[in-house]
Each structure stands twice: as C-alpha cells, then as structure tokens.
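The structure appears below as structure tokens.
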Amino acid sequence: MKRMTSILLAAAVLSGCAAQGSNPSARDGRGKDVPAARIVGEPVDCIPIRTIQESRVRDDWTIDFRVGGNRWYRNSLPNRCSSLGLERAFSYSTSLSQLCNVDIITVISSSGGPGPINRGSCGLGEFTPVELVK
C-alpha cells in the first residue's frame, strides 16, 4: 500500500509539471491577466515620485504606475524580474525626486519571517503613458 501511495504521489507531481510545461507564460514570467493598454504618448525616462499614487505589479515584466488622478504609466522592464509577479511587491531607493529608467527595484516578500525578505533586484525601463483597456 505504501508503494502504491508513492507511485500515485509521483504521478501527481509529474502531471503537475507537465501541465505547467504546456503553458509558456508559466515559464517566462509573463502573466495572462495583464490588462491591455493603449499608448497615449511618448515614453519618458522618469516620473516624479510625489505624483505616484499607486503601483500595480502585473507580472515579472510589467508594472503600471497611477499618477495624478487616473493617468497611468506602464513600465515594461527590459529584463525579466524573477518573482516580481509572484510577490507583487517591490521597494526602491533614490536620492532624486523622480523614479527613472536607470533606477533599480528590489523584489520583496513579507512571508516567512519577522521582516521583508529581499528576493533580488532589477532595472526599470521607460515609463510609457497608457490608457488601460477594460
């Protein structure tokens, strides 16, 4: 009976891997729930920190920033930021009053300990003004 349980467990694990392997977005960190966006202006290198009202992590590649009312800037990271889409939380540090495409964000996790855990750092891309399609 113990052997049969081990075989069933192994089969369940392998079928889970196969299901995940058939979904390319599960491997590359691109989320299937990233809202479509219509570009409404030219990309900019920086946005003033004081105007940022909200940030929404969409996946390992995409962060949307809401500024002043209902204006949005989409930051499409130049490289994958592993675990960003899973944790959906990041921090940044800058001595300027702006967040820029040369700045580095740090993925943080609040699970498993008394304080946040650093999950790695990634560079930002340009900030593209967008209108989120609903």
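The values are calculated or read from the model by the stated rules, or taken from the named source; none is laboratory data. These figures come from a predicted structure and were not determined experimentally. Note that we place each Cβ from the backbone using ideal geometry, even for glycine, and neighbour counts take in every protein chain shown.
Of all residues in region 36-52, those satisfying the criterion of being surrounded by fewer than 15 Cβ atoms within 10 Å (Cβ to Cβ), under 16 Å from L132 (Cα atoms) and not aliphatic (A, V, I, L, M) are R38, G41, E42. The set of residues in region 84-101 that are farther than 18 Å from D59 by Cβ, surrounded by fewer than 20 Cβ atoms within 10 Å (Cβ to Cβ) and among the aliphatic types (A, V, I, L, M) contains only L96.
When the residues of region 23-35 are narrowed to those that are in contact with a helix residue (DSSP H, G or I) (Cβ under 7 Å, 6 or more places away or on another chain) and modelled with pLDDT of 80 or more, which ends up surrounded by the most Cβ atoms within 10 Å (Cβ to Cβ)? Among residues in region 23-35 that are in contact with a helix residue (DSSP H, G or I) (Cβ under 7 Å, 6 or more places away or on another chain) and modelled with pLDDT of 80 or more, the one surrounded by the most Cβ atoms within 10 Å (Cβ to Cβ) is G31.
In region 95-126, the residue that is farthest from P35 (Cα to Cα) out of those that are in a loop (DSSP other than H, G, I, E, B) and modelled with pLDDT of 90 or more is L96.
The number of residues in region 38-75 being part of a loop (DSSP other than H, G, I, E, B), of a type outside the set (K, R) and either closer than 14 Å to G125 by Cβ or modelled with pLDDT of 95 or more (or both) comes to 8.
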